[in-house]
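A short worksheet on the structure shown next.
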Amino acid sequence: MKRLSPGQRWVIGLGAFALVCLVVGLIAITVGIANGQAMCGSSEDDFFEACPRDTSGIVWGSVLGVVGLLHLGLTGLAGAFVWTSTPTIGPKPFRQPAPLPGSTHRVFSYGTLQQPLVQESLFGGHVPTTDDALPGWRLDWVAITDPEVVRTSGSDLHPILRRGAPGDVVEGSALTLGYEWQLRAVDDYEVADYRRIRVELTSGLSAWVYVAADAV
């Protein structure tokens, strides 16, 4: 959700003040009219007459109403300018909690998951990343048709892994994910062309990796 700029917050505050002036003015006018129509007398002799009128509420209410209307009109004009010239501020950065011990997932990335913007989109920020490699696989390419994935990565052509010769090695990075929801976010990001499998990296670490679905 977008945050409002300071100028936009001022416009909302001034508009709220103008509305308060209008409401108070209407209340004052109502009280003044009621006082002006009040009757004084005694129920014992059944004699009533108009009380001395105090119509100051009508005067003050009218003044407040006029001030409120003028203030609301000026706020509207100023607000239209401020709102269009002052852009809204982006959402607050997502505060990523520290990984829980014993619950980390390691994902080997050889493509767009290494991009900072993709990590921010999926995880709300950058995740710990170390260089690593995967032996016995080779790189290929696949055309992506999912518009959300294309928008996030900035490309409709993504690398994909297929089984290779024993001497083949794919360079990449090992991402450390501290929560299950982060792994599910990657599952949702990878389209149906990919399947997640467990592999052993050159470093000896075990990790998840997304390979061609027809290679599994």
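Residues in the range 191-200 carry Karplus couplings, in order, of 6, 5, 6, 10, 9, 8, 10, 9, 9, 10 Hz; the curve used is 6.51 cos²θ - 1.76 cosθ + 1.60 with θ = phi - 60°, and Gly or Pro positions show x. The portion of the accessible surface of the range 111-216 made up by carbon and sulfur, rounded to a whole percent, is 52 (1.4 Å probe; DNA, RNA and ligands excluded).
Computed extension gain for VAL199 through ALA133, at 0.36 nm per residue and net of the alpha carbon distance, reaches 22.7 nm. A full extension of the chain between LEU157 and GLU171 corresponds to an added length of 3.2 nm, given 0.36 nm per residue minus the alpha carbon distance.
What the phi angles of the range 159-172 give under the Karplus curve with 6.51, -1.76 and 1.60, with θ = phi - 60°, is a coupling list of x, 9, 9, 10, 4, x, 7, x, x, 6, 9, 10, 7, x Hz, glycine and proline written as x.
The values are calculated or read from the model by the stated rules, or taken from the named source; none is laboratory data. Quantities reported herein were computed from a predicted structural model and do not represent experimental measurements. These area figures cover heavy atoms from the full protein model, side chains too; ligands, DNA and RNA do not enter into them. Shrake-Rupley method; radii C 1.70, N 1.55, O 1.52, S 1.80 Å.
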